[in-house]
Amino acid sequence: MTGNEAADAAVENGRALVDLYDRAVPEVFGYLKPRCGDPAVAEDLLAETFLAACDAIERHQLGEVTIGWLIGIARHKLVDHWRREARYERHLRAVADLGESTDDPWDARVDAATIERTLGLLSAVNRSALTLRYLDGLSVPEVAELLGRTIPATDQVLARARSSFRHHYGEAAR
């Protein structure tokens, strides 16, 4: 692709993003809000998502501008947010080793609003692991890759996260 063709593609993709913006904002925000539990954080991540999309367009790093592509960017921004939050929490306190079994089954029949409140009570690592695994439906290896952990370490995080979720679920249901 020549310089002029790349510039023309960037302009066209920029127009496509502007045209898509009004339809994409509710979709991307709808993806982010229940996963981070805080509307203000979701708004910040939404802004980061669109800034990253503009940056990708300027660098000619995409094929087609779609809502799915934007949600993919939002997922990465959410994981980055969780990582920052987890680093912050590690500096404030040590995570208690709950020593729960990884064989524990996951109960899929829980109230969505209570889930959202409960996730808000969990640490960033636990919240991100559960969200990626059970809400986004990613496999354990995919979750491990996104969290920058080994598969066994991710299994441990998921076991602790399920235990912590169960512990806090009753509190959030009140």
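Bear in mind these aren't lab numbers, they're just calculated from the coordinates by the rules spelled out. Predicted model, so just to flag it, every value in this text is computed and none were measured. Quick reminder, even Gly has a Cβ in these numbers, built from the backbone with ideal geometry, and neighbours come from all protein chains shown.
Numbers for the structure displayed
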read-out	value
From phi via Karplus (6.51, -1.76, 1.60), per-residue ³J(HN,Hα) for region 38-48 in Hz, x at Gly/Pro	10, x, 5, 5, 4, 5, 4, 5, 4, 4, 4
FRET efficiency, 1/(1 + (r/R0)^6) with R0 25 Å, evaluated for HIS76 and ALA153 via beta carbons	0.75
HN-Hα J in Hz across region 151-163 - Karplus 6.51, -1.76, 1.60, θ = phi - 60°, x for Gly and Pro	5, x, 5, 5, 4, 5, 4, 5, 4, 5, 5, 4, 4
Cα centroid separation, region 26-58 to region 124-172 (Å)	21 Å
